[in-house]
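Take a look at the structure below.
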Amino acid sequence: MTLTLKDYQGLPSTLCTGCGHDSVTQHIIQAFFEAGVDPSTVAKMSGIGCSSKTAAYFMSGAHGFNSIHGRMAAVATGAKIANRALCVVGISGDGDTASIGIGGFIHLIRRNVPMIYIVENNGVYGLTKGQFSATADIEVPNKKMDKHNEFASIDICKLAIDSGCEFVARGFSGDGKQLVPIIKAAIAHPGTAVIDVISPCIAYANHEGSTKSYSYMKAHKLDIPTGILHHESKKPSLADTLHLAEKPLRDLTREDIAPSSAEFSNWVSRFR
Ligand SMILES: Cc1ncc(C[n+]2csc(CCOP(=O)(O)OP(=O)(O)O)c2C)c(N)n1
Ligand code: SF4
Ligand SMILES: [Mg+2]
């Protein structure tokens with residue numbers, strides 16, 4: 001069956017009109033279509049946030065699990081272990097990843113779980129109405145908070161590289177020309193591929209000073225390192241390290257998992 005672009009679409013978005021996350025959705029649809037990935041082989045994983053809702057807006061024919069806040073990495077790891085053939089794509093936010101989910105994010109990278117991990121980074125907790133996130137710029141206010149942000153921001157790409165991630169990229173929701181090829185390269189990567197996407201929140205971000213705004217990106221695009229920032233393929237992936245079965249766990253038969261009587265006797269003899 002020939003797949004068309006329509007087969008990669010999802011439910012209509014309920015996000016604010018103009019939200020950067022909706023542009024990211026379109027770029028994901030385009031990238032998976034161009035890469036020819038069959039949606040029925042994809043698992044869309046997410047946490048909680050406006051960003052995490054993105055997973056509902058592409059590839060309706062894919063598997064999916066909308067987990068709890070900050071736990072996408074753990075649930076995605078489980079999905080990959082249960083079926084290593086799945087193309088796992090995780091959608092998270094800067095709050096979901098850089099605060100409550102930061103431990104899971106680092107351990108996912110440490111284990112080199114084969115998946116595409118997209119962070120839709122807007123510097124705010126959009127869904128809970130505009131509190132500063134851990135990636136918000138220091139000393140920059142936003143439309144919701146009545147004071148400047150007092151804490152230094154976490155750079156998702158730097159954190160991923162420092163944690164040993166072998167595919168780290170940064171893109172901008174408004175630049176599909178760059179982001180679509182980045183996502184396609186991430187699909188082809190055998191381990192964890194982290195893509196930090198600057199994805200402005202039009203409701204709460206401060207559009208004058210924030211580095212996560214359309215105006216800032218327009219004026220400073222060339223000053224912000226974007227593209228594939230780090231790429232190598234030296235480490236074994238989780239699937240290799242754990243010698244995961246090629247078959248999904250649900251398809252394993254008794255013959256696949258039961259030891260032969262010779263193996264069993266040999267094993268029992270070690271305890272005599
Ligand atoms: C355990 C838990 N703590 C807090 C919340 C409230 N909460 C929901 S979404 C969210 C932040 C989302 O921010 P982000 O991940 O940046 O996504 P955005 O909405 O900005 O896209 C928070 C704090 C929650 N749902 N669960
Ligand atoms: S609140 Fe912000 S992040 Fe959430 S949908 Fe609206 S513009 Fe997007
Ligand atoms: Mg956010």
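The values are calculated or read from the model by the stated rules, or taken from the named source; none is laboratory data. These figures come from a predicted structure and were not determined experimentally. All Cβ positions, glycine included, derive from the backbone under ideal geometry; neighbour counts span all protein chains shown.
Just a few scattered comments:
- Scope the range 41-77; condition touching a Lys or Arg at 6+ places or on another chain (Cβ under 7 Å) and buried (at least 24 other Cβ atoms within 10 Å of the Cβ); matching residues: G47, A55, M59
- Taking the conditions (1) closer than 22 Å to Y8 by Cβ; (2) touching a residue at least 40 places away in the same chain (Cβ under 8 Å); (3) surrounded by fewer than 20 Cβ atoms within 10 Å (Cβ to Cβ) in turn, K80 satisfies each one other than (3).
- Close pairs from the range 115-144: first free of Cβ contacts under 8 Å to residues at least 12 places away in the same chain, partner more than 10 Å from ligand 1 (Cβ to nearest atom), Cβ under 9 Å, at least 6 apart: E139/H148; E139/N149; E139/E150; E139/G209
- Taken across the range 213-236, residues that are over 22 Å from G126 (Cβ atoms) and aromatic (F, W, Y) do not occur at all.
- Screening V140 on (1) at pLDDT 95 or above; (2) more than 14 Å from ligand 3 (Cβ to nearest atom) shows it passes everything except condition (1).
- Check on T17, within 16 Å of ligand 2 (Cβ to nearest atom), at negative phi, within 13 Å of the chain's Cα centre (by Cα) and not hydrophobic (A, V, I, L, M, F, W, C): no
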